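Only one structure is covered here, and it is reproduced in the block below.
The values are calculated or read from the model by the stated rules, or taken from the named source; none is laboratory data. Bear in mind that the values here come from a model prediction, so they are computed numbers and not experimental data. All Cβ positions, glycine included, derive from the backbone under ideal geometry; neighbour counts span all protein chains shown. The area values use the complete protein model at the heavy-atom level, side chains included, leaving out ligands, DNA and RNA. Shrake-Rupley method; radii C 1.70, N 1.55, O 1.52, S 1.80 Å.
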Amino acid sequence: KDFIVAHPSAEVDSLAAAIVRGSFEYQGQKCSAASRLFIPSNLWPELKERLVAEVEGISVGDVSDLGNYMGAVIDAGSFRTQKDAIEEARASSDAEIVVGGDYDDSEGYFVRPTVIETTDPGFRTMRDELFGPVVTAYVYPEGQYEDALDLVDGGAPYGLTGAVFARERDAIETAS
């Protein structure tokens with residue numbers, strides 16, 4: 001469960017670019033794909049708006065058309081995993097679909113890049129590996145950065161990659 005954690009001092013433009021590229025390149029089917037986000041409350045409104053605009057602009061389709069940013073997920077099993085996670089978020093009182101959430105298996109296994117927001121840092125999409133174009137954001141109170149780092153560390157049994165965004169050196173050192 002690769003993570004991106006932002007300190008309240010992080011720059012929104014860099015953060016948005018990292019989330020989109022880190023979560024959705026290769027349909028999110030790479031070992032280094034970001035799948036869980038820890039975002040401070042002071043940045044979330046602007047970041048959320050930015051993510052909606054950028055994700056809505058991602059073209060998904062046949063990879064032989066080089067104008068498409070994303071293709072289909074690998075197979076029916078992966079499609080089902082993404083679809084189930086999206087529908088679980090849609091039905092939950094602890095989560096909402098911020099952008100995306102569409103899928104189509106009529107010809108190929110296409111899943112639109114999807115951003116979920118949850119109020120529960122233990123929500124299933126924050127714990128379970130989906131290996132697809134679904135990323136989940138947990139918005140933590142701005143003044144609780146170190147508590148958010150504890151959630152990052154204890155939230156999943158995996159330890160592949162992660163990214164820390166901050167403009168303050170102390171915040172990066174604390175995260176390290």
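First compute the accessible area of region 84-176 with a 1.4 Å probe, then give the percent of it belonging to carbon and sulfur atoms.
Details: 2070 of 4970 Å².
In region 84-176, the share of accessible area belonging to carbon and sulfur is 42 percent.
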| Efficiency of FRET between Cys31 and Glu168 - r from beta-carbon atoms, R0 41 angstrom, step 0.05 | 0.90
| request: Taking H placed 1.01 Å from N in the peptide plane, check which residues at least 5 places from Tyr103 or on another chain put their amide H under 5 Å from its amide H. | output: Arg112
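First measure r as the distance between the Cβ atoms of Glu146 and Asp105, then evaluate 1/(1 + (r/R0)^6) with R0 = 35 Å and state the FRET efficiency to the nearest 0.05. Intermediate results must be reported in sequence, preceding the final value.
Numbers: r = 43 Å, r/R0 = 1.22.
Efficiency for this residue pair is about 0.25.
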| said: What is the distance in Å between the Cα centroid of region 64-118 and that of region 146-176? | reply: 27 Å
| message | Restricting to DSSP loop positions (anything but H, G, I, E, B) with no more than 16 other Cβ atoms inside 10 Å of their own Cβ, which trypsin sites (Lys or Arg not before Pro) remain in region 1-69? | response | Lys30
| Using 7 Å Cα-to-Cβ label points, what is the Glu49/Arg80 separation (nm, one decimal)? | 4.2 nm
| message | Give the residue list of GluC sites (Glu not before Pro) in region 64-153 that are DSSP loop and have at most 16 other beta-carbon atoms within 10 angstrom. | response | Glu107, Glu129, Glu142
| In the neighborhood of Asp153, defined by Cβ-to-Cβ distances under 15 Å, what is the net charge if each Lys or Arg adds +1 and each Asp or Glu adds -1? | -1
| message | Let me see the P(r) profile for region 41-144: every Cα-Cα distance counted, bins of 5 Å, each bin given as a percent of all pairs. | response | 2, 13, 22, 22, 19, 12, 6, 3, 1, 0
| field | Nearest-0.05 FRET efficiency for Ser93 and Arg21, computed from C-beta distance (R0 45 Å) | value | 0.90
| So for the chain, Kirkwood radius off the Cα pairs, Stokes-Einstein at 20 °C and 1.002 mPa s: how many µm² s⁻¹? | 133 µm²/s
| task | Mind putting a number on the dipole of region 69-114 about its Cα centre? Charges go on the C-beta only, +1 for Lys and Arg and -1 for Asp and Glu, and I need it in Debye to the nearest 20. | result | 80 debye
| message | Skipping prolines and chain starts, which residues have an amide H placed within reach, meaning under 5 Å, of the one on Ala137, given they are 5 or more residues away or on another chain? | response | Leu37, Ile116, Glu117, Thr118
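For the chain, what does the accessible surface come to per residue with a 1.4 Å probe? Please give it in Å².
Dividing the accessible area of the chain by its residue count gives 48 Å².
If the only charges are +1 at each Lys and Arg Cβ and -1 at each Asp and Glu Cβ, what is the size of the charge dipole of the chain around the Cα centre, to the nearest 20 debye?
Working: 14 positive and 32 negative charges, 46 e Å.
My answer is approximately 220 debye.
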